[in-house]
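Heads up: the structure comes next, in structure tokens.
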Amino acid sequence: MKIVVVGSGNVATHFARAFRASGNDIVQVYSRNIAHAQVLASQLDAQAINRFADLADDAHLYLLAIPDDALYEVVSQISPKQGIVVHTSGSVPMDVLKPLSAKIGVVYSPQTFIKSLEMNYSELPICLEASSSEVLQTLKKLVIPASKNIYDISSEQRRKLHLAAVFVNNFVNALNATGQDLTRENGVPFDILFPIMASTAERAKQGDLWQLQTGPAARGDKQTIANHRKLLSSDPEKLQIYDLMTALIQSHTRCK
């Protein structure tokens, strides 16, 4: 399959690598910054371009792997195509692509992508949506060689999944970073917490997580909570986070 990739960032890089490794031909990489396009194109034996007018007209698939808030503007600048046009956004409806083709879809993965980090694409969850059963089958043929975890979901389901991913990934990472700040401020090695962080991630696979909730908030340990709040009294931001998380946990457990 001949693929044109619009975008040269983290998501574009990993999807392009995965699809090329599966035997597809990445023919072009577009970026507003030609140097960025050239970096990725050089890895894929593809042509680097920085003008939408130069997009090939004979590609089988056009992969728009660009930030969510840029999709509408980019769609307005691309001429209609005969091939399938898909985007990779978690929060933008598939129908935004209707002006570009009768054959549209979404290839979305609730995953953090970083260019410099290698990934095991076979473990990558990929969520598909398509304008027809024919397009869906074509997309499955494209992604199944790369990943064994394929899900058919609607735009509404994808929006909610994207929101859930923000909670379990972005927010959790911010909380981990806050814990890292606390250890650094007090001269304690952060890696002491690695085992409990790994245990928490593993426990996420084991069922109803509210039933597995532990800690002072879940058990109603008022004295420990008071001690923690005192330790945070000079840091209003962390204290606010602590109070919000305590209230959230207690609203879902028996100790209120």
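Readers should treat all values here as calculations from the given coordinates under stated rules, not as data from a laboratory. None of these values were measured; they are calculated from a predicted model. A quick note on method: Cβ atoms are made from the backbone with ideal geometry, for glycine too, and the neighbour counts reach across all protein chains shown.
The spacing between segment 206-225 and segment 46-85, judged by their C-alpha centroids, is 49 Å.
Give the percent of DSSP beta bridges with both residues in the chain that are antiparallel, rounded to the nearest 5.
On the way: 4 of 27 bridges.
If we restrict to bridges inside the chain, about 15 percent are antiparallel.
Could you please rank 140, 222, 205, placing first whichever residue has the fewest other Cβ atoms within 10 Å of its Cβ? List each step's numbers first, then the result.
Working: 140 14, 222 11, 205 7.
Fewest to most other Cβ atoms nearby, the residues stand as 205, 222, 140.
Ignoring aspartates and glutamates fewer than eight residues from residue 222 along the same chain, the ones with Cα atoms less than 16 angstrom from its Cα are 243. Counting only lysines at least 8 places from residue 238 when in the same chain, those with an alpha carbon closer than 16 Å to its own are 230. Backbone amide hydrogens, once placed in the peptide plane, bring residue 85 within less than 5 Å of 62, 103, 104, 105, excluding anything fewer than 5 places away on its chain. Less than 22 Å apart at the alpha-carbon level, and either on another chain or at least 8 residues along: which lysines does that give for residue 81? Straight-distance partners of residue 81: 2, 98, 103, 140, 141.
What ranking of 197, 1 emerges when the number of other C-beta atoms within 10 Å of each C-beta is taken as an exposure proxy, fewest first?
Working: 197 14, 1 17.
In order of increasing Cβ crowding within 10 Å: 197, 1.
Distance from the alpha carbon centroid of segment 86-142 to that of segment 1-25 works out to 12 angstrom. Axis of helix 133-143 versus longest Cα principal axis of the chain: the two differ by about 70°, to the nearest ten degrees.
Defining a contact as two alpha carbons under 8 Å apart and six or more residues distant in sequence, what relative contact order in percent does segment 159-252 show? Present the calculation step by step, with values, prior to reporting the outcome.
Values: 24 pairs, mean separation 19.3, N = 94.
Relative contact order here is 21 percent.
For segment 2-153, the relative contact order is 20 percent, taking Cα pairs closer than 8 Å that sit 6 or more residues apart in sequence and dividing their mean separation by the residue count.
Protection proxy ranking, highest mean first, for peptides 33-43, 97-107: 97-107, 33-43, where packing is the per-residue count of other beta-carbon atoms within 10 Å, averaged.
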